[in-house]
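The values are calculated or read from the model by the stated rules, or taken from the named source; none is laboratory data. Since the model is a prediction, treat every value here as computed from it, not as a measurement. Neighbour counts run over all protein chains shown; Cβ positions are idealised from the backbone, glycine included.
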Amino acid sequence: MILTNIGTVKEILSRHGFSFSKGLGQNFIINPDICPKIAENGNAQPGYGIIEIGTGIGVLTAELAKRADKVCAVEIDSRLLPILDETLADFDNIKIFNEDVMKCDLHKLIREEFQGLRTAVCANLPYYITSPVIMLLLESRLPVDSITVMVQKEAAQRLCAKVGTRESGAITVAVNYYGTVRPVFSVSRGSFMPAPNVDSAVIRIDPAPEPRLDEENEKFFFKVVRSGFSQRRKTAANALSSQAGIPKEKVYAALRDVGLSENARLEQLDLQQLMDFSVRLREELI
Ligand code: SAM
C-alpha cells in the first residue's frame, strides 16, 4: 500500500470515517521523498530500535520498519488504530502504544522492547508540543543515539541557531547543552495533507553521552538561563536580580571572574561562557 498516494490516503480515511484533528497537530506526509530521507538520516538501520512519536496513518512508521530491527510508535489518537492495522499489516516489527507521549515511560519502553539494540527517535512531531517533547527527551536523558524530528521551520531555525546570537533562545541553549543539533533538510508546506500554513524542516539532535555539569550545577545553570532569557534585553545583573533575587554584586563578581563585562547580557554569551559564569555565580552564593 502506497501511503503517500493521495487517492489511497483519502480512500482509507473516508472508509474509516476519520477527520483530521487540528488540535493534535495532524498534518500527514504525502510527499514520497520525505519519509525515506528522515529514516536514512535518523539511524533507522539494522541493529536499531526506533521510537516514533505520532504515527498518523503510518507513512513514516513503515519506512522506519523497513530499515530498523524494530519500531515502537506512540500515538495518542485511538481513531488511528484500526487504520494502522490495515496500513502496517505487512510488518511484524512494529508495536503501537496508544498513549500520550508526554505521559509515556520511554525509559521502560526502551528497556523492555529494545534489548540488545541501539536506539533512536524519529518523528514528524505534532507542532503544538515540539519544545516540550524535545525537552522531555533531553532532560530525562533518554538513552538514544539521535533524535531526528520534523518541526516548523521557525522552530528549526531557533533550535539550530548559534548560542550567543539574537536568533537563539533558552531552548537553543538547552539543546546545545544536552547535545549537538544540526539542520538536515527543509520541507515545504505542500508536502502534507492537510497543508499547514508554514514550512517545516527536519533537524537532528545527538545527545551528549555524559552530562556537562554535575547535578547541582546543572539545576542552577538552567535557573540562570531561564531568568536571563525571560528578560533578554536586560543585563545579566538586572535579569538575575529581578527574576531570581540574586544580588547584583554577586553577578558582577562572577562576570568579572570569568572575564566578562559587568554589563553583559546572557543572550550574548556562548555555551561555555554561560556554563563558566553560572558555575562561578553558584560558588559566590554558597
Ligand atoms: N507521522 C505521521 C506523518 O508524518 O504523516 C503523522 C505526523 S502528525 C504531524 C502528528 C501525529 O502525532 C498525529 O498522528 C497525532 O495524532 C499524534 N499526536 C499528537 N499529540 C500526541 C501526543 N501527545 N502523543 C502521541 N502522539 C500524538
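Here's the yes/no breakdown for (1) within 13 Å of the ligand (Cβ to nearest atom); (2) under 29 Å from Pro183 (Cβ atoms); (3) loosely packed, with under 15 Cβ neighbours inside 10 Å:
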site: Gly7; (1), (2), (3): no, no, yes
site: Phe18; (1), (2), (3): yes, no, no
site: Pro82; (1), (2), (3): no, no, yes
site: Thr87; (1), (2), (3): yes, no, no
site: Asp100; (1), (2), (3): yes, yes, yes
If you go through Glu210, Glu154, Glu139, Glu215, the only one that is surrounded by fewer than 17 Cβ atoms within 10 Å (Cβ to Cβ) and modelled with pLDDT under 95 is Glu210
Checking Ala44, Ala68 in turn, the sole residue that is assigned by TED's automatic domain parsing to the domain that holds Val202, over 18 Å from the mean Cα position of the chain (by Cα) and buried (at least 17 other Cβ atoms within 10 Å of the Cβ) turns out to be Ala68
Listed by first then second residue, the pairs whose first member lies in the stretch 98-114 and is of a type in the set (D, E, K, R), whose partner is modelled with pLDDT of 95 or more and more than 11 Å from the ligand (Cβ to nearest atom), with beta carbons under 6 Å and at least 6 positions apart or on separate chains, are Glu113/Cys72
Within the stretch 257-283, the residues that are among the charged types (D, E, K, R), out of contact with any helix residue (DSSP H, G or I) (no Cβ under 7 Å at 6 or more places or on another chain) and assigned to a helix (DSSP H, G or I) are Asp276, Glu283
Does the stretch 238-256 contain at least one residue that is at pLDDT below 95, outside any loop (DSSP other than H, G, I, E, B), in contact with a Leu (Cβ under 7 Å, 6 or more places away or on another chain) and small (Gly, Ala, Ser)? no
Determine if the stretch 9-18 includes at least one residue that is among the β-branched types (Val, Ile, Thr) and over 19 Å from the mean Cα position of the chain (by Cα). yes
Filtering the stretch 114-126 down to residues that are over 19 Å from Asn41 (Cβ atoms) and within 7 Å of the ligand (Cβ to nearest atom) yields Pro126
Filtering the stretch 23-41 for residues that are surrounded by 18 or more Cβ atoms within 10 Å (Cβ to Cβ), more than 11 Å from the ligand (Cβ to nearest atom) and farther than 25 Å from Asp100 by Cβ leaves a count of 0
| Flag if Ser14 is farther than 27 Å from Phe185 by Cα, within 13 Å of the ligand (Cβ to nearest atom) and free of Cβ contacts under 8 Å to residues at least 24 places away in the same chain | no
